[in-house]
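Everything on this sheet refers to the single structure shown next.
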Amino acid sequence: MKTLISLHPRVVTATLLKIVGSLLLAALICLYLQFGLNLENGLGFMPLFDINGEYNIPALYSASAIWFSAALLLFIHRLEKKVGTPKAYYWRHFAYLFIFLGVDELASIHEIFGRFAPMIWERFPALQISRKWIIPFSPVILAMAVYFFRFYILLSKENRMRFTIAGLVFLSGAVGIEILGEWYANQYDMPPVFRGYSAIVEEGCEMLGIVLFIRALLLHICQFSPAPNVAIDISFDTIPDQRKKSNRQLQPGLKTVSASSSAIAEEKGKE
């Protein structure tokens, strides 16, 4: 007897959106407890659900979602390599980038680059409107953009559109809202509660961007799947074979799209 778990793009996307919505609602409740009821610690609620915090529930979710993206990218690399897609290694390198981004989401490694900001600001005072890490980190971002540009061009039209939308939504929060928020704070006396709202919008855009990216990856995997709208099927043996000398009660097996991948490879060979 087998138990089958299917990852449907629509179901996965809806589930992630519900989680993101719940986390943003929890962040709003934190602001109300802190500024509306003047409860500095929010009855212990604030440390757990501070949307701008580290090593708490929102940060753990964000890192997990990014690592899930990395796992899907590695899975796609395996499929693309099997059918002989040119430059398939880009998918693996993209996965490595997302593994780093997941670690950075938890530990805020990018903030280390902020230590170089004062040296830059001495020569370019106008750049002080930005968060400390953005300008020193820009060469790294530019280098990655140049490297993955070829990969972006090789994508299908549908994937380019989906990746572009996801990337713009993510960057609007990771960079755009940060720069605008810092500029507004320098120009006007922004109350702390509005800084909280700005952080919610910023992190919300980042979370939504990752959800859209996961959806794009699952839809891409669907192209290899023999079942409609099913990206990956995972089956488990719930009743072990008594004839096998094994102490495990569950025999996990991944029902991937290898058969379909082979068929695609044969079609490419015929062409």
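The table below lists the values:
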{"quantity": "Flag if E80 is more than 17 Å from I210 (Cβ to Cβ) and free of Cβ contacts under 8 Å to residues at least 24 places away in the same chain", "calculated": "yes"}
{"quantity": "Residue among A227, A231 that is in contact with a strand residue (DSSP E or B) (Cβ under 8 Å, 6 or more places away or on another chain), among the hydrophobic types (A, V, I, L, M, F, W, C), modelled with pLDDT under 95 and crowded, with 20+ Cβ neighbours inside 10 Å", "calculated": "A231"}
{"quantity": "Tally, over the stretch 139-188, of residues that are without any contact (Cβ under 8 Å) to a residue 40 or more places away in the chain and in contact with a Cys (Cβ under 6 Å, 6 or more places away or on another chain)", "calculated": "2"}
{"quantity": "Residue within the stretch 203-224 that is at pLDDT 70 or above and over 23 Å from E158 (Cα atoms) present", "calculated": "yes"}
{"quantity": "2 or more residues within 23 Å of N52 (Cα to Cα) and at pLDDT below 90: qualifying helices (runs of 4 or more DSSP H) within the stretch 126-201", "calculated": "134-154, 178-187"}
{"quantity": "Which listed residue is among the β-branched types (V, I, T) and at pLDDT 90 or above, from V103, V11", "calculated": "V11"}
{"quantity": "The lone exception for I66 - which of (1) at pLDDT 90 or above; (2) part of a loop (DSSP other than H, G, I, E, B) it fails", "calculated": "(2)"}
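The values are calculated or read from the model by the stated rules, or taken from the named source; none is laboratory data. Remember, predicted model here, so these are calculated numbers, not experimental data. Glycine gets a Cβ as well: all are built from the backbone with ideal geometry, and neighbour counts include every protein chain shown.
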